[in-house]
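Step one of this worksheet: look at the structure below.
The values are calculated or read from the model by the stated rules, or taken from the named source; none is laboratory data. Every value quoted in this text rests on a predicted model; they were computed, and no experiment measured them. Counting neighbours? That spans all protein chains shown, and the Cβs are built from the backbone with ideal geometry, glycine included. SASA here: full protein model, heavy atoms, side chains in, ligands and nucleic acids out. Shrake-Rupley method; radii C 1.70, N 1.55, O 1.52, S 1.80 Å.
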Amino acid sequence: MIKSITAYTYEVDDVKLAVSEILEQLHLEKNLLKNSVGILHCSTYFVDSGVVEALSRALPFRVAGVTTLGSAVHDEISELALTIMVLTSNEVNFSIGLTEPITSRDETVLRNAYENAIATLAGKPALAISYFPLATSQFGAGGDFVVETMSRISDGIPVFGTMPVDNTHDFHEARILCDGKAYYDRFAFILLQGKHLKPRFYLAAVSDENIRKARGVITDARGNLLYSVDNTPILYYLKNTLGLPFDESDPSSVHMIPLLMDFEDGAPPVVRAMNNFNSERVAVCSGELKNGVTLLTGRFNKNIVLETTRNILEKIRKAEPNANGLLIYSCAARYWTLGLDSLAELEIIRDALFEVKTPYLLGYSCGELCPVQTPNGDLTNRMHNYTFIVCAF
């Protein structure tokens, strides 16, 4: 069994006060069991002010997490807060791994960190809560690299997690957090190992009724660059073949057209975001695409975001009445779509789970890692965009 405890603080400048507020809420002396680990979300201000480092020093266990745009813990929502979830157990063991700087698409760096982390455990992990850097995507070592590599080196354990985000226009301050330090170029992960530990996963992105019926086949994709569909240049395909109205020079317009890859294996389609079109009129996407895979497009707006959030939370409320904790990530694109009503999704989460006793922690994400289930019941690790993901303990 895992026990979950959550806490939060808005205090950025007074480091001692921030730490004391967190410790007072956690009541560690009476709540901690044999093994514990912390999951931390915060805005970048808490890193720069020293709160993250001081809190990590004050806690009697290791901590990993990410910077984010908005957070939620039980009954409390905020765009500017530090939030933490402590997982503690007598039966489940925890181990944190941190890579050396990632400078290329080389799995050796991840493998070394994974082998060091697993060496402290008594058996194969049941889950890897994973936090991967944004900056390393520039040389092909982004979320897809993490999913593929972790799946291979761990013999297929479920990988759940996120990419950090911040409030700068290009996310240059987004960081991975581990034991009080902040990194732009390292991958951190928490391994959970226990004989009876069986995490459950839920996700929602674009509902079926908001997926356009037109289907094409990706004919030229190179990493995260999409050149053509049905042998037609991607920009012409979207604007002329599908007749989609958007301004290719405006990233905010481009970003509102989700691309869905359907592997036709019975699992839900994987959603990809288009970030912009480069000078060659090629779509630059936030994750890798695969040649030969069926491509669909979706509709995305505020109402769709809030509808999918309500639906997935209702499903979780019915399926997880006895869960010991919920770890939740929602794509930052969902947050931006809300415009001036930026707390709307967080308010739905708070209200939907208000009467649920299960502790939960939510952060906004710049890329989501969550397993999907195939018809035969197997889990396949995948990276997503525009997606709301949940891991239940």
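Beyond 30 Å between alpha-carbons counts as too far, so tell me which of Lys3/Lys124; Lys195/Lys318; Lys34/Lys198; Lys16/Lys315; Lys124/Lys302; Lys124/Lys181 fall in that bin. Don't skip to the answer; put the middle values down first.
On the way: Lys3/Lys124 21 Å; Lys195/Lys318 25 Å; Lys34/Lys198 19 Å; Lys16/Lys315 40 Å; Lys124/Lys302 41 Å; Lys124/Lys181 28 Å.
From Lys3/Lys124; Lys195/Lys318; Lys34/Lys198; Lys16/Lys315; Lys124/Lys302; Lys124/Lys181, over 30 Å: Lys16/Lys315; Lys124/Lys302.
With a 1.4 Å probe and all protein chains left in place, how much accessible area per residue does the chain have, in Å²? Each step should come with its number before you reach the end.
Details: 15920 Å² over 393 residues.
That works out to 41 Å² for each residue.
Give the label of the value calculated from the structure for Cα Rg over 2.2 N^0.38 Å, choosing from (1) 1.16; (2) 0.95; (3) 1.00.
(2)
Report, in whole Å, the centroid distance computed from the Cα atoms of segment 131-185 and segment 287-327.
Centre-to-centre (Cα) distance: 21 Å.
Please state the charge dipole magnitude for segment 101-249, taken about the Cα centre, from unit charges on C-beta atoms (+1 on K and R, -1 on D and E), reported in debye and rounded to the nearest 20. Please list the in-between numbers first.
Details: 15 positive and 17 negative charges, 118 e Å.
The dipole of segment 101-249 has a size of about 560 debye.
Between segment 356-393 and segment 1-67, how many Å separate their Cα centres?
Segment 356-393 and segment 1-67 have Cα centres spaced 23 Å from each other.
Quick check on the chain: helices-only [θ] at 222 nm, where DSSP H runs of length 4 and up contribute -39,500 (n - 2.57) each and the sum goes over total residues. Nearest 500, please.
-6500 deg cm²/dmol
Tell me, what ³J(HN,Hα) does each residue in segment 24-39 have, in order and in whole Hz, if you take phi through Karplus 6.51 cos²θ - 1.76 cosθ + 1.60 with θ = phi - 60° and put x for Gly and Pro?
Each residue's phi maps through the Karplus curve to give 5, 6, 6, 6, 4, 4, 10, 9, 6, 9, 4, 10, 8, 8, x, 10 Hz.
Would you compute the Debye intensity of segment 254-327 from its alpha-carbon atoms alone, equal scatterers and no solvent, and pass along log10 I(q)/I(0) at q = 0.15, 0.23 Å⁻¹ to two decimals?
-0.71, -1.09
Can you run phi through the Karplus equation (6.51, -1.76, 1.60; θ = phi - 60°) for segment 347-358 and list ³J(HN,Hα) in whole Hz, with x for Gly and Pro?
In residue order, the calculated couplings are 5, 5, 4, 4, 5, 5, 9, 4, 8, 8, 7, 5 Hz.
Report, to the nearest whole %, how much of the accessible area of segment 300-383 belongs to carbon and sulfur atoms, 1.4 Å probe, protein only.
Carbon and sulfur: 47 percent of the exposed surface of segment 300-383.
Within segment 154-176, find all residues whose amide N lies under 19 Å from a label point positioned 7 Å from the Cα of Asp48 along Cα-to-beta-carbon.
Label zone hits: 164-176.
Can you give me the angle between helix 302-319 and the longest principal axis of the chain, using Cα atoms only, in degrees from 0 to 90, rounded to the nearest 10?
Taking Cα atoms only, the helix is inclined about 50 degrees.
Would you work out the relative contact order for the chain, in percent, from Cα pairs under 8 angstrom that are 6 or more residues apart?
20
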